[in-house]
Amino acid sequence: MQRLQRKRIVLGIGGGIAAYKSAELVRRLRDQGAEVRVVMTRAAREFITPLTLQALSGHPVFHDLLDPAAEAAMGHIELARWADLVLIAPATADLLARLAQGVADDLLTTLVLATDAPVALAPAMNQAMWRDPATQANAELLAARGLRLFGPAAGSQACGDVGPGRMLEADELAQRAADCFERGLLTGCRVLITAGPTQESIDPVRYITNHSSGKMGFALAEAAAEAGAVVTLVSGPVHLPTPQRVTRVNVVSARDMLAACEAAMPCDLLIAAAAVADYRPEVIATQKMKKDPGSDDGLQLRMVRNPDILATLAARADRPFSVGFAAETEKLLDYAARKLRDKNLDLIVANDVANPGIGFNSEDNAITIIDRQLTQNSFAQTSKGKIARQLIAFIAARLHQS
Ligand code: CTP
């Protein structure tokens, strides 16, 4: 299926090394049925020639605000009106700063101010530049104004660094562009999902954990992304691939998970599917612990309580719509209702982990959702993928009512 059929996309290209990927992006957008007009900044033309983009888009490239010939063909205001979507890839640190300031000193920045179409940015820059508080503040400001940020991804960079700042691949950008035209159940909604177990270290080689596979949380992340949400998935150690269009943050311990979740706030919806270790050893031995050769005594480990991630986030002033899981082996609905109240949740998903067909590590699940009025809604046993989609549809309906 061509997801961008007859959609008009202005592709803005900034001056970064990732500009070479923009040539491929033109092709991917056109593969999806889009009509593409390319606007390049002066710096972009140092990295890739307008001729390449003209050949790939099938149209002359726009780059000059004050070029009478170009203005006569299609003026910049006309181009701004023509667009169904303005996608800027790569969006450099400099472009983010100029857009955040509302500067209009070249064709691309002028066009962004002049258009009423959605604007999406694919940041691409060195990891330290991306992490810089100035860039972060600009990105946040632009996101708060409703511009969409696609990425950046983390990984190895052209400059040799490793970290966040890589432009998303052309295929993924084309899919994200297509998402802009589809109104899913959670379009525009920022969703934070915790998944998997946590590991609590005893010493450098040993840890305490549980049987959670992370499958339910990952299935929920995939279903939420399919529904149009912007999803951050904070996951403990699991062996699962990251669902498409989901930002994954890997963590190890409960305290790491809380810190990663706090960094991902604010969000509109929190789904806590992680099986967080309630306790951790009070001290982590710095060296591998050795047995006492002179004694057969057992080992006494003093454990201390871990923070409750869900309760902490649901207690914030900017609390999201909060959904918890109650994994129980007995008195399922009683315990679930108690957790709903104690953690100040909007919904709790009760899960009978004593049943081997639907518990930890299994492919299937069957759930009962309980709301604040203690009304119960049950979903019969099926694959975790299907349950996840049903659950996301249910949650989205409640979220929109709230
Ligand atoms: N949870 C959390 N942080 C914790 C413990 C639990 O965020 N430290 C979340 C889980 O992700 C889940 C819900 O709280 O959404 C309930 O988790 P569960 O392990 O069933 O219950 P606990 O609160 O740990 O209570 P208990 O172990 O006494 O059953």
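Details
- Across the range 82-90, coupling constants 3J(HN,Hα) worked out from phi with the 6.51/-1.76/1.60 Karplus curve, θ = phi - 60°, read 5, 5, 8, 7, 9, 10, 10, 8, x Hz, and Gly and Pro carry x.
- Here the accessible area of the chain is 50 percent carbon and sulfur, with a 1.4 angstrom probe and all protein chains present.
- Computed P(r) (all Cα pairs; the range 197-307; 10 Å bins; percent): 13, 39, 26, 14, 6, 2, 0
- Largest-first ellipsoid semi-axes for the range 79-206, taking √(5λ) over the Cα gyration tensor eigenvalues, angstrom: 31, 19, 14
- Between the beta carbons of Lys290 and Gln136, assuming R0 = 41 Å, the FRET efficiency works out to 0.35 to the nearest 0.05.
- Our note on the geometry: Cα centres of the range 352-402 and the range 87-103, 42 Å apart.
- Mean shadow area of the range 37-99 over all directions, Cα convex hull, nm²: 4.7
- The packing ranking, built from the mean of other Cβ atoms within 10 Å per residue, places the peptides 98-110, 186-198 in the order 186-198, 98-110, highest first.
- Degrees, to the nearest 10: 254-264 long Cα axis against longest axis of the chain: 30
- Between Thr187 and Ala97, the FRET efficiency from the beta-carbon distance, with R0 = 22 Å, is close to 0.20.
- Hull volume per residue, based on the alpha-carbon atoms of the chain and their convex hull, is 161 Å³.
- Of all beta bridges that DSSP places with both ends in the chain, some 30 percent have antiparallel geometry.
- Rounded to the nearest 10 degrees, the inclination of helix 332-342 to the longest alpha-carbon principal axis of the chain is 60 degrees.
- Rounded to 10°, Cα long-axis angle of helix 170-179 versus longest principal axis of the chain: 80
- Pair-distance distribution of the range 159-218: all C-alpha pairs, bin width 10 Å, starting at 0; shares per bin in whole percent are 15, 22, 33, 23, 8, 0.
- Counting only Cα atoms, the range 239-354 measures 57, 35, 31 Å along its principal axes, largest extent leading.
- Aspartates and glutamates whose Cα lies under 13 Å from that of Lys339, excluding same-chain neighbours fewer than 8 positions away: Asp308, Glu328, Asp371
- Expected 222 nm ellipticity per residue - DSSP helices of 4 or more, -39500 (n - 2.57), all of the chain, to 500: -10000 deg cm²/dmol
- Between the amide H of Ser253 and those of Gln199, distances stay under 5 Å, these residues lying 5 or more places away or on another chain, with hydrogens modeled in the peptide plane.
- Extension gain (nm, one decimal) between Gln54 and Thr382, 0.36 nm per residue minus Cα-Cα: 113.0 nm
- Taking a point 7 Å out from the Cα of Arg145 in the direction of its Cβ, the residues of the range 54-83 whose backbone N falls within less than 20 Å of it are 65, 76-83.
- Of all DSSP beta bridges confined to the range 60-190, the antiparallel ones make up roughly 40%.
- Taking all pairs of distinct alpha-carbon atoms in the range 312-362, Kirkwood radius in angstrom: 11.6
- Of the GluC sites (Glu not before Pro) in the range 97-202, the ones in a loop by DSSP (not H, G, I, E or B) with at most 12 other beta carbons within 10 Å are Glu182.
The values are calculated or read from the model by the stated rules, or taken from the named source; none is laboratory data. Source: prediction; values computed, not measured. Glycine also receives a Cβ, built like all others from the backbone with ideal geometry; neighbour counts cover every protein chain displayed. Heavy atoms of the whole protein, side chains included, go into the accessibility calculation; ligands, DNA and RNA do not. Shrake-Rupley method; radii C 1.70, N 1.55, O 1.52, S 1.80 Å.
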